Amino acid sequence: MKLLQTEKLTRAYGGVMAVNEVDFSAQEGLITGLIGPNGAGKTTLFNNMTGLDIPTEGKVFFDEKEITGFPSHKIARLGIARTFQNIRLFKEMSVIENVMIGRHFMTGESPHKKRLTNMFKSYFFMESEEALMLENAHKWLNFFDMDEFANEDAKNLPYGRQRELEIARALASNPKILFLDEPAAGMNPQETEHLMDTIRKIRDTGVTVVLIEHDMKLVMSICDNITVLNYGQKIAQGTPKEIKNNPLVIEAYLGKEE
């Protein structure tokens, strides 16, 4: 089943066509890779699917419902979480507080009550909700073997651990699908290997994963399906083996011999 998909999604900035009529899909329960040379439009496509940007044309569907143009906070409430190319932690706050923030917007949440009612409910049940947030945060820190660092300032963590903390914060929102924008950027080989195992573990919990990544070993090792962009257009889609042998993909990365 396609959990998320786009139909002819286009994003133009003046005369620059950053994404041009891209049909993209992520199958539920799988790891989908989005690759392409620098400037291919990968992050722009991510932003238009996660509410940080609005498509010029085309549509975005999540769980069979159109979400085109929804603001990012509404998209997050639907079950879409993401990380960014550059680490965006609250570095002066503790590790556990960073993860709790990922859950904070869910407090008082109820699909059957209005926000004003939820506000009062949140006020009167603040202590119990805080306890649930703390329990949820510890669950994800344990998932990443980071509970021993719970009271450390986020800025004191090694780089690879900061990357994992950002993923833990995203998972604390209880998403159905997780977007990872270059999660291995800046990691050494050992950290990258550990990250690959972690992404598989996330998939095994039932969370669908979509990732942008330049590390081809990582992409080819863990992705079930891969979509390739070049100059804002989709040029290929398929399994890692199909993508590896696709002449258009080889040309996009290595150029064409005259």
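Observations, loosely collected:
- Those helices (runs of 4 or more DSSP H) of region 152-258 in which at least 3 residues are basic (Lys, Arg), considering only elements entirely within it, cover 159-171, 189-204.
- All positions within region 210-239 that are within 20 Å of Phe62 (Cβ to Cβ) and surrounded by fewer than 22 Cβ atoms within 10 Å (Cβ to Cβ): Asp224, Asn225, Gln237
- Looking only at residues in region 179-198 that are touching a residue at least 40 places away in the same chain (Cβ under 8 Å) and surrounded by 23 or more Cβ atoms within 10 Å (Cβ to Cβ), the one that is nearest to the chain's Cα centre (by Cα) is Phe179.
- Scanning region 67-83 for residues that are closer than 23 Å to Pro183 by Cβ, out of contact with any strand residue (DSSP E or B) (no Cβ under 6 Å at 6 or more places or on another chain) and not in a helix (DSSP H, G or I) yields a total of 1.
- Summed over region 129-159, residues that are more than 16 Å from Met93 (Cβ to Cβ) and either of a type in the set (Phe, Trp, Tyr) or in contact with a Ser or Thr (Cβ under 6 Å, 6 or more places away or on another chain) (or both) total 4.
- Per-region count, region 69-112, residues farther than 25 Å from Ala184 by Cβ, open to solvent by 40 Å² or more (accessible area, probe 1.4 Å) and modelled with pLDDT of 90 or more: 8
- Pairs linking a residue in region 14-26 that is on the phi > 0 side of the Ramachandran plot to a residue that is open to solvent by 80 Å² or more (accessible area, probe 1.4 Å), with Cβ atoms under 7 Å and 6 or more positions apart or on different chains, are Glu21/Lys8.
- Under the condition of being in a strand (DSSP E or B) and surrounded by fewer than 17 Cβ atoms within 10 Å (Cβ to Cβ), the residues counted in region 26-49 number 1.
- Remark: Leu52 matches the filter, which requires a residue to be open to solvent by 50 Å² or more (accessible area, probe 1.4 Å), outside any strand (DSSP E or B) and closer than 30 Å to Thr198 by Cα.
The values are calculated or read from the model by the stated rules, or taken from the named source; none is laboratory data. Because the structure is a prediction, the values reported are computed rather than measured. All Cβ positions, glycine included, derive from the backbone under ideal geometry; neighbour counts span all protein chains shown. Just so you know, the surface numbers come from the protein's heavy atoms only, side chains and all, with ligands and any DNA or RNA stripped out. Shrake-Rupley method; radii C 1.70, N 1.55, O 1.52, S 1.80 Å.
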